[in-house]
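A.B. asks: Mind looking over this structure? Questions follow.
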Amino acid sequence: MPASAAARPLPGSTPTATAPACMPNRPVPDFDYEAALAQCAAGRRTALEALYRQEGPRLLGVAQRIVRDRARAEDIVHDAFVNIWNRADSFDAARGSARGWLYRVARNLALNAVRDERHETAVDDDTAAALDARDAIDAWHDTRDAFDWRDSAGRIGPCLEQLEPVRRNCVLHAYVEGLSHSEIAQRLGAPLGTVKAWIKRSLKALKECLA
């Protein structure tokens, strides 16, 4: 990662607390996201550092899948955690999960960054389809237990349900969890070329369905 991003401190932290890409990826089982956000709202920087360790690498993966540039993704994730720190007290558990809220903050920044460039540069079909699927991706985080697409995802729900489950999961793994194609192939036990084809065809189908 660029030296500037690597040296950038966490909001409200000491100079020794650095960006998520520099911190070990050791997610804690049964991590209490709501409690961490409450502690951030109370000004406890250790809670923000814990959130960095827990989700930073995955948020970086999500941002990078959208903007397709590592350095920009790192900047977006840093800005996302600045927003999380400053807006932690605005989280409302009645409107969705705490983890989903973190992802929305980061994903919205990444999507907005891409949208800001659409007047100047062409957006490839895969990215355009991912932008169109934004509402569904948000809904996935807030309804991952119920998996109720029709009630939560609006227009995109029926389109996603038209995809074969394995192809739908490939899209979610890539654009929600930020997994690389290789990681998805390993998780599903499928050839890398097959996974790439599934994702490409699925995004094309989503775009056509939403047209």
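The values are calculated or read from the model by the stated rules, or taken from the named source; none is laboratory data. Quick caveat: nothing in here was measured; it's all calculated off a predicted structure. Note: ideal-geometry Cβ built from the backbone for every residue, glycine included; neighbour counts use all protein chains shown.
A.B. asks: Name the helices (runs of 4 or more DSSP H) wholly inside region 1-109 in which the number of residues that are modelled with pLDDT of 90 or more and buried (at least 20 other Cβ atoms within 10 Å of the Cβ) is 1 or more.
C.D. replies: Passing ranges, in order: 33-41, 45-67, 70-87.
A.B. asks: Looking at region 157-196, which of its residues are among the small types (G, A, S) and either at pLDDT below 85 or surrounded by fewer than 14 Cβ atoms within 10 Å (Cβ to Cβ) (or both)?
C.D. replies: G157, A174, G178, S180, S182, G189, G193
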